[in-house]
Amino acid sequence: MSEARLMQGNEACAEGAVAAGVRFFGGYPITPSTEIAEYMAVNLPKVGGTFIQMEDEIAGIGVVLGASLAGKKALTATSGPGFSLKQELIGYAAIAEIPVVIVNVQRMGPSTGQPTSPAQADIMQARWGTHGDHPMIALSPWTVRESFDVAIKAVNYAERFRTPVIILLDEVVGHMRERVELPQAHEIEIYPRRVPDKTKAQGYKPYTPMEDLVPNPADFGTGYRIHCTGLVHDETGFPSGSPSITEQTIERLHEKIARVQEEITHYDEFFMDDAEIAVVAFGGTARTAYAAVEAARSAGRKVGMIRIMTIWPFADSVMRNLAKRVKGILVPEMNYGQYVYEVERAAAGQAKVVSLPKYNSEVFTPDEIGQAIEELAAEVAE
Amino acid sequence: MKEIRLSGSGGQGLITAGIILAEAAIMEGKQAIQSQSYGPEARGGSSKAEVLIDDKFIYHPKVVNPQIFLAMTQQAMDKYSHDLTPDSIVIVDEDLVPRPHGSQHMIKVPITRLSVEHLGRDLFANIIALGLLVKVTGAVSFETIQKAVAKRVPPATVAKNMEALRIGYESVQ
Amino acid sequence: MKDYESLFRTNRLPHIWCPGCGHGIAMKALAKAIAKLDLDQDKTVIVSGIGCSSRASGYMDFDTLHTAHGRALPFATGIKLANPELNVIVITGDGDCMAIGGNHFIHAARRNIDLTVLLFNNNIYGMTGGQASPLTPVDKKATTAPYGTFDRPFNPCEVAKTAGATYIARGTAFHAAPLVDLIAQGIQNKGFSFVETLVQCPTSYGRRNKMGSAAAMLKDMSETVIPLAAYNKLSPEERNGKLPGGVLHTDIFPEYAAEYAKIITRAGGDKA
């Protein structure tokens with residue numbers, strides 16, 4: 001571990017990405033994510049990497065996809081309006097299987113909304129924002145230290161599964177500063193860029209899936225002369241109009257993530273041993289939820305908490321099991337109610353699921369969550 | 001836990017003061033969180049910084065029970081004081097906050113005037129305020145805050161900033 | 001000199017273009033230019049957007065990238081900056097480059113990043129059946145301009161010049177042999193190079209506008225585009241309906257990737 005220091009969430013996220021091997025950043029300035037771009041502008045050239053400020057948000061993701069294809073681990077960062085603009089090329093990365101990380105420091109929307117105020121209202125957009133079908137990995141840190149760790153995980157997952165990965169920061173964690181002690185370089189595990197399994201002479205095809213269902217398309221400039229397209233393509237990488245190839249492609253894109261779902265579902269349990277009520281929360285809201293749950297525990301209330309890091313793929317089995325363990329589940333989130341729908345679906349009536357939305361541009365107070373815990377406790381006791 | 005709110009207008013350096021206070025706490029091995037909120041203006045407008053200091057990990061990252069409230073403009077005094085309690089200590093720049101309110105525990109210091117009179121310019125007001133906050137809260141030692149300020153400010157201004165800290169620290173009993 | 005035919009992925013042919021289409025002529029000129037310059041086939045990347053012209057990338061035997069509509073230039077910028085030793089050539093169309101991709105076009109030119117951009121200008125959205133583009137001339141008909149267009153088209157070479165491109169040329173599918181040199185010079189320029197090539201679209205543009213066969217459209221082109229020197233001698237009235245051809249503009253300005261390499265050195269990253 002390095003020496004303790006005060007660090008901002010956005011800065012920790014950027015530093016984690018560089019520690020994970022990111023050597024290319026392209027983007028467009030937008031509050032409250034700009035500190036990530038600024039960090040990269042200062043620090044990437046120091047490690048031989050490249051920073052470029054692009055002309056707009058779409059160019060911001062286009063340029064990192066190009067850099068990734070040319071062999072650099074690449075990341076872009078944005079917030080609500082920019083996240084909306086980037087969606088088409090996020091879909092491109094999904095079907096062309098280009099490793100890329102997109103940081104979305106969520107702010108109040110829709111549209112320009114409240115640019116400097118926090119929200120967690122892009123939960124569903126992260127999953128369903130692009131057109132067409134593909135899976136998504138989205139991770140949401142709740143501390144500054146975890147912003148660093150999540151950035152490393154995101155880069156590793158993007159490279160390992162050759163897929164876009166979204167870091168769903170929120171303004172609370174992105175802009176707050178807190179004490180962190182970061183791991184040293186040798187303590188960090190890095191997933192290297194995948195390389196072709198065969199030579200051209202051995203009949204290499206860039207989009208042949210390996211055992212893990214992930215293909216190894218060669219980086220540009222390495223002599224393989226591959227073709228990359230956003231059209232549905234077969235193993236050669238060239239467009240195919242075949243219904244069976246189309247079906248297999250969509251299935252494989254989903255299956256390569258579905259088969260590792262358990263492994264990449266990260267969450268914490270607190271005070272769950274004899275809990276009758278569980279609070280399910282993520283990001284900045286989880287911090288407030290913890291304070292509320294801790295206070296309710298001190299008051300003798302049998303309440304616990306599940307803190308979710310992996311927003312997508314949804315923690316299905318975790319929530320199914322949770323619904324069997326408790327009588328009531330409270331889902332506080334800084335939006336009009338989004339994640340709660342998935343919790344409700346997984347709970348399938350086994351426990352009472354209650355939404356606690358907040359959308360006035362302010363963060364929850366521990367008392368607000370505490371009161372909702374009391375109300376839910378009273379309700380399930382009846 | 002120490003819960004401190006610093007408020008004023010953008011450009012008065014209060015966010016920097018909050019960061020330095022949090023860094024000082026970390027130097028003493030404590031946990032600390034600094035957060036801020038601000039409007040669209042780079043200068044002017046209202047801004048607030050909050051600092052939480054505790055011996056154990058701090059979960060909820062915002063001030064719930066403002067023990068210390070510093071206001072450097074009347075607008076900030078009015079905008080960010082809604083949750084003050086009778087126990088809150090209110091510290092104001094007495095020239096810039098003519099109508100302080102929210103608590104009986106009131107400390108009035110001509111913070112900006114002290115900066116101009118003793119150091120020639122108003123831009124040390126945030127460090128004077130920091131010295132004052134350290135004295136009132138005891139959140140960190142005077143030696144630690146000196147180290148934290150010296151680490152943050154441009155080397156050429158260290159002496160003047162040390163003087164500013166002392167002025168603030170000695171401006172109250 | 002390399003045989004230009006060896007630069008095609010013959011197993012991907014025949015192409016999808018209509019009989020009489022000019023894109024094949026322009027693509028062949030690019031292949032000949034690459035052969036002439038003897039570019040390393042493994043260190044040359046061809047990037048395209050979406051549209052008829054942008055299908056060319058798939059037919060050429062290099063690392064090739066068929067991006068999203070309008071976005072070829074951001075992808076190409078990322079490739080060049082990530083690996084400056086690569087030759088990066090962009091094939092784009094009039095809708096792709098000047099409508100949906102217009103912002104990227106002016107900014108890539110402004111940066112003077114070392115890309116060679118070939119605009120295959122057929123004055124129409126051909127693949128989707130003949131909608132008006134920002135390069136459809138006034139009074140021409142399109143499915144979305146059934147009474148004739150009335151909005152002013154861009155002059156893409158002038159846009160490129162204003163935006164800061166350091167090599168600008170205009171050729172046509174009729175003048176196929178000189179086009180090879182115009183493209184080759186563009187590739188050799190260390191900076192943002194832009195070559196507009198007029199190509200005929202008999203199916204979606206010529207037919208609707210009663211411009212005759214592909215051969216007739218090529219003949220029109222041969223009369224419309226005249227050498228720059230000859231064009232400059234014409235009176236303003238005589239210039240009406242004519243366009244200057246050949247190398248239209250060159251300039252010297254620092255190249256973006258080379259400049260960024262200096263930033264890396266200044267930051268100490270060259271030793272990293």
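Just so it is clear, none of the values below were taken in a lab; they were calculated from the coordinates. Treat the numbers as computed from the prediction; the structure is a model and nothing was measured. Backbone-built Cβ (ideal geometry, glycine too); neighbour counts: all protein chains shown.
Shape analysis of chain A yields a ratio of the Cα radius of gyration to the Kirkwood radius, Rg/Rh, of 0.99. Farthest toward the positive end of the dipole of the protein assembly as shown, out of B:T144, A:I250, A:L6, is the Cα of A:I250, where the dipole comes from beta carbon charges about the Cα centre. Look at the alpha carbon pairs under 8 Å that are at least 6 residues apart: their mean separation over the length of chain A gives a relative contact order of 16 percent.
Other protein chain C-beta atoms within 10 Å of residue C-beta, averaged over A:64-75: 6. Check cross-link reach from B:K160 to the lysines: straight Cα distance under 24 Å, and skip same-chain residues fewer than eight apart. Partners found: B:K108, B:K135, B:K147, B:K151. Shown for B:K62, C:K36: other C-beta atoms within 10 Å of each C-beta, ranked fewest to most, produce the order C:K36, B:K62. Under the shape rule built on the C-alpha gyration tensor, where the axes satisfy a ≥ b ≥ c, the stretch B:1-106 is oblate, since a/c reaches at least 1.5 while a/b does not exceed b/c.
With helices as the sole contributors, chain C gives -10000 deg cm²/dmol at 222 nm; each DSSP H run of n ≥ 4 counts as -39500 (n - 2.57), and the sum is divided by every residue. What the Cα convex hull of the stretch A:325-366 gives, in volume per residue, is 62 Å³.
Electrostatic tally near C:F120: other residues with Cβ closer than 10 Å to its Cβ, Lys and Arg +1, Asp and Glu -1, net -3. Of the beta bridges in the protein assembly as shown, as assigned by DSSP with both residues counted there, near 35 percent are antiparallel. One quarter of the surface of the convex hull around the alpha-carbon atoms of the stretch A:133-174 equals 3.0 nm², the direction-averaged projected area.
In angstrom, the C-alpha Rg and Dmax of the stretch B:41-173 are 14.9, 42. Summed over all non-identical Cα pairs, the Kirkwood treatment of the stretch A:41-116 gives a radius of 13.2 Å. Legend: ranking of residues A:V353, B:V109 from fewest to most surrounding C-beta atoms inside 10 Å; resulting order B:V109, A:V353. Binning the C-alpha pair distances of the stretch C:221-272 at 5 Å intervals from 0 yields a P(r) profile of 5, 16, 17, 11, 6, 6, 7, 8, 7, 8, 7, 2, 0 %, listed from the shortest bin outward.
Rounded, prolate or oblate, given the Cα gyration tensor of the stretch C:165-272, with a/c below 1.5 counting as rounded? Here the stretch C:165-272 falls in the prolate category. Bridge orientation summary for the stretch A:184-313: considering DSSP beta bridges with both residues in this region, about 55 percent are antiparallel. Taking Cα atoms only, the orientation of helix C:176-188 departs from the longest principal axis of chain C by about 30 degrees.
Report D for the stretch A:219-351 in µm² per second (integer): Stokes-Einstein, Kirkwood Rh on Cα pairs, 20 °C, 1.002 mPa s.
The Stokes-Einstein estimate is 122 µm²/s.
Using the Cα coordinates of chain C, the gyration tensor eigenvalues translate into equivalent-ellipsoid semi-axes of 30, 21, 18 Å, sorted from longest to shortest.
Under the convention that each Lys and Arg Cβ holds +1 and each Asp and Glu Cβ holds -1, the size of the dipole of the stretch A:33-118 around its Cα centre is about 240 debye. For A:L330, nonlocal amide neighbours, meaning residues 5 or more places apart or on other chains whose placed amide H falls under 5 Å from its own, are A:A278, A:V279, A:V280, A:V354. Remark: the stretch A:175-214 projects, on average over all directions, an area of 5.9 nm² (convex hull of Cα atoms).
Rounded to the nearest 5, what % of DSSP beta bridges with both residues in chain A are antiparallel? Each step should come with its number before you reach the end.
Values: 14 of 49 bridges.
Beta bridges within chain A, antiparallel portion: roughly 30 percent.
Kindly identify the stretch C:186-242 as rounded, prolate or oblate by the Cα gyration tensor criterion: order the square roots of the eigenvalues as a ≥ b ≥ c, call it rounded if a/c is under 1.5, otherwise compare a/b with b/c, prolate if a/b is larger, else oblate.
oblate
The value of relative contact order for chain C, using C-alpha pairs under 8 Å at least six residues apart, is 18 percent. For the pair C:F253 and C:V138, a Förster radius of 30 Å applied to the C-beta separation gives a FRET efficiency near 0.35, rounded to the nearest 0.05.
Could you run the Debye sum over the Cα atoms of the stretch B:101-173, one equal point scatterer each and no solvent, and tell me log10 of I(q)/I(0) at q = 0.15, 0.24, 0.26 Å⁻¹, two decimals? Evaluating at q = 0.15, 0.24, 0.26 Å⁻¹ gives log10 I(q)/I(0) of -0.47, -1.06, -1.18. Dividing the summed helix terms, -39500 (n - 2.57) for each DSSP H run of n ≥ 4, by the number of residues in chain A produces a 222 nm estimate of -12000 deg cm²/dmol to the nearest 500.
Size descriptors for the stretch A:84-126 (Cα atoms only): Rg and Dmax, in that order, 12.2, 35 Å. Lys/Arg Cβ at +1, Asp/Glu Cβ at -1, dipole of the protein assembly as shown taken about the Cα centre: which of B:S47, A:G71, A:M334 is farthest positive-ward? Value computed over the given set: A:G71. Taking only the alpha carbons of the stretch C:1-126, we obtain Rg and Dmax values of 13.7, 39 Å in that order.
Under the definition of Cα pairs under 8 Å and six or more residues apart, what whole-number percent is the relative contact order of the stretch C:75-196? Each step should come with its number before you reach the end.
Working: 227 pairs, mean separation 32.2, N = 122.
Relative contact order of the stretch C:75-196: 26 percent.
What the phi angles of the stretch B:140-145 give under the Karplus curve with 6.51, -1.76 and 1.60, with θ = phi - 60°, is a coupling list of 9, 6, 4, 4, 5, 5 Hz, glycine and proline written as x. Using only Cα coordinates, the Kirkwood hydrodynamic radius of the stretch A:146-216 works out to 14.9 Å.
Annotation: Cα Rg of the stretch C:47-199 relative to the compact-globule expectation 2.2 N^0.38 Å equals 0.99. Neighbour counting of Cβ atoms within 10 Å sorts the residues C:I263, A:I58, A:I36, C:I183, fewest neighbours leading, into C:I263, A:I58, C:I183, A:I36. Spatially, the stretch C:78-149 and the stretch A:187-248 are offset by 29 Å when compared through their Cα centroids.
Our summary of shape: the Cα atoms of the stretch A:63-209 have principal axis extents of 56, 40, 22 Å, ordered from largest down, in whole angstrom.
Only the Cβ atoms of Lys and Arg (+1) and of Asp and Glu (-1) were treated as charged; on that basis the dipole of the protein assembly as shown about its Cα centre amounts to roughly 1980 debye. Net length available on complete extension from A:V195 to A:E375 is 59.3 nm, with 0.36 nm assigned per residue and the Cα-Cα distance removed. Secondary-structure-derived ellipticity at 222 nm for chain B, considering helices only, amounts to -11500 deg cm²/dmol, per-run term -39500 (n - 2.57) for DSSP H runs with n ≥ 4.
Summary of packing: across the peptides A:111-121, B:154-164, A:83-93, A:294-304, the per-residue average of other C-beta atoms within 10 Å ranks them, highest first, as A:83-93, A:111-121, A:294-304, B:154-164. Computed from backbone phi with θ = phi - 60° and the Karplus coefficients 6.51, -1.76 and 1.60, the 3J(HN,Hα) list for the stretch A:33-48 is 10, 4, 4, 5, 4, 5, 4, 5, 4, 6, 9, 4, x, 5, 10, x Hz; x is used for glycine and proline. Using Cβ point charges alone (K and R +1, D and E -1), the dipole size of the stretch C:1-136 about the Cα centre works out to roughly 200 debye. Ordering A:8-21, C:160-173 by mean Cβ neighbour count within 10 Å, with the highest value first, yields A:8-21, C:160-173. In chain C, a dipole from Cβ-located charges (positive for Lys and Arg, negative for Asp and Glu) runs towards its positive end, and of C:G245, C:I226, C:G101 it is C:G101 whose Cα lies farthest in that direction. Computed from the Kirkwood radius of its Cα pairs, the Stokes-Einstein diffusion coefficient for the stretch A:143-290 at 4 °C and 1.567 mPa s stands at 69 µm²/s.
Taking other residues whose beta carbon is less than 12 angstrom from the beta carbon of B:S103, and scoring Lys, Arg as +1 and Asp, Glu as -1, yields -2. Max-minus-min Cα coordinates of the protein assembly as shown on each principal axis give 94, 68, 56 Å, with the largest extent listed first.
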